[in-house]
């Protein structure tokens, strides 16, 4: 977790080094601050967290993914503070021997970060500031993972 | 005994403070906490803290039911979270 921006290239390199020689697939996901939300201009995003509990929640999500799939390495970078529109917010990199595990675990981690990682986002819009709430689709995506066989894509 | 209470995000803004220190009796219950917070903040504001979509964490673990507090505990009120 960090306030400063991250470099996908640098984090990818660190992941590949840590993953070792059995790594044959690396999936990455980067989340950005949208510049428009429902046709309303967004100038930025304020990300608040709960020091200690936020790290624990992220660790639990990664641990569940590692328990479910065969993964060589996982890196998650999540930014906090005030981010301008268009900025990078979150990065998930998953390394595995084969692509199904890497794809699935990357998507799984993002779906759980949305609903179980202890962060709060406030959009700074042209018409005011709004605390963002998780959508029913966010919860559905998380809940769809329950009972799915491991190492398979759900969609 | 003293217990530290934290408020985050929209709750922090609505209450106008990030944390308060409460003086409670030993092994205070959830009901004791509500009483003490009501004295400090008023019943309307306390109702928003115990709304269905607000989670309560004791020492950074979510507590969904009854609980008892001990000296030095950290109680946090968490509005719905939105990571990622």
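The values are calculated or read from the model by the stated rules, or taken from the named source; none is laboratory data. All values reported here derive from a predicted model rather than from experimental measurement. Cβ sites come from the backbone with ideal geometry, for glycine too, and all protein chains shown count toward neighbours.
Data table
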read-out	value
Considering residues of the range A:117-131 that are surrounded by fewer than 17 Cβ atoms within 10 Å (Cβ to Cβ) and assigned to a loop (DSSP other than H, G, I, E, B) only, the residue nearest to the other protein chains (Cβ to nearest Cβ)	A:127
Any hit, the range A:32-45, residues being buried (at least 17 other Cβ atoms within 10 Å of the Cβ), in contact with a helix residue (DSSP H, G or I) (Cβ under 9 Å, 6 or more places away or on another chain) and touching a residue at least 12 places away in the same chain (Cβ under 8 Å)	no
The range A:20-42, subset at pLDDT 95 or above and not in a loop (DSSP other than H, G, I, E, B), residue farthest from the chain's Cα centre (by Cα)	A:25
Number of the exception - residue B:13 against (1) touching a residue at least 24 places away in the same chain (Cβ under 8 Å); (2) out of contact with any helix residue (DSSP H, G or I) (no Cβ under 7 Å at 6 or more places or on another chain)	(1)
Breaking point among (1) assigned to a helix (DSSP H, G or I); (2) over 24 Å from residue A:38 (Cβ atoms); (3) within 13 Å of chain B (Cβ to nearest Cβ), for residue A:141	(2)
Of the criteria (1) in contact with a strand residue (DSSP E or B) (Cβ under 8 Å, 6 or more places away or on another chain); (2) exposed (fewer than 14 other Cβ atoms within 10 Å of the Cβ); (3) modelled with pLDDT of 95 or more, which one residue B:69 fails	(2)
Residues within the range B:14-30 that are closer than 23 Å to residue A:121 by Cα, modelled with pLDDT under 95 and surrounded by fewer than 16 Cβ atoms within 10 Å (Cβ to Cβ), tallied	3
Unmet requirement for residue A:51, which otherwise passes all of (1) assigned to a strand (DSSP E or B); (2) modelled with pLDDT of 95 or more; (3) farther than 24 Å from residue A:14 by Cα	(1)
Strands (runs of 3 or more DSSP E) wholly inside the range A:54-106 containing at least 1 residues that are surrounded by fewer than 22 Cβ atoms within 10 Å (Cβ to Cβ) and within 11 Å of another protein chain (Cβ to nearest Cβ)	A:88-96
Matching residues in the range B:67-77 - criterion: being more than 7 Å from chain A (Cβ to nearest Cβ) and closer than 23 Å to residue A:142 by Cβ	B:77
Positions within the range B:31-57 being within 11 Å of chain A (Cβ to nearest Cβ) and buried (at least 17 other Cβ atoms within 10 Å of the Cβ), in sequence order	B:57
